[in-house]
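Structure first, commentary second.
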Amino acid sequence: MQTVFELLDRYGGMVSKIDFGDKGSNVLLLWGMPVKYENDIERALNSILSLQSMTSIPVNAGVTYQIAHAGFIGSPYLEDFTAYGRGASLAARFMTQAARGEIWVDEQIYRRSQNLFEFDDLGALTFKGLLNPRQCMF
């Protein structure tokens, strides 16, 4: 986690949720809020790639670019600032289906960053809770 926080200092973004549960370690990182920058996608992808290179733990991730509902949730004594919406749900599904060490991105991330990063097309995949298949890149 120290490495994650060091990378967030370098690339921006914020930690929304950390879960060290029975399904492994999961961290929800958000970019574009509360402050948005023109290169948030590049910052997010570089942060994940740097994390992969700085740790011996295989990091798999799901990255999406969609409008989200963001704000505080919970009681005044135990509240979190987080984001909810289709993008957050899809990113979680990408992360859980990706093989260890893979980063899956949606079509919006691909279109906005294809000149900066190399991607392989995984095709249209179906995910739990979503009616239509989603285009996915690796």
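No value in this document is a laboratory result; all are computed from the given coordinates. Being a predicted model, the structure only gives us computed values, none of them experimental. Neighbour counts run over all protein chains shown; Cβ positions are idealised from the backbone, glycine included.
Label-to-label distance, Leu130 versus Glu42, with points set 7 angstrom from Cα along the beta-carbon direction: 2.6 nm. Working from label points 7 Å from Cα in the Cα-to-Cβ sense, the Ile57 to Ser75 distance is 2.9 nm.
Between Ala92 and Thr3, the modelled labels are 2.5 nm apart [label points 7 Å from Cα along Cα→Cβ]. Rounded to the nearest whole Hz, the Karplus-based 3J(HN,Hα) values (6.51 cos²θ - 1.76 cosθ + 1.60, θ = phi - 60°) of the stretch 51-65 follow the sequence 4, 4, 7, 9, 10, 8, 7, x, 9, 10, 9, x, 10, 10, 10, with x at glycine and proline.
Extension gain Lys17-Gln108, at 0.36 nm per residue separation less the Cα-Cα distance, in nm?
Values: separation 91, 0.36 × 91 = 32.76 nm, distance 2.34 nm.
Gain on stretching Lys17 to Gln108: 30.4 nm.
Normalised by 2.2 N^0.38 Å, where N is the number of residues, the alpha-carbon radius of gyration of the chain equals 1.03. For the chain, averaging the sequence separation of C-alpha pairs within contact (under 8 Å, six or more residues apart) and dividing by the residue count gives a relative contact order of 19 percent.
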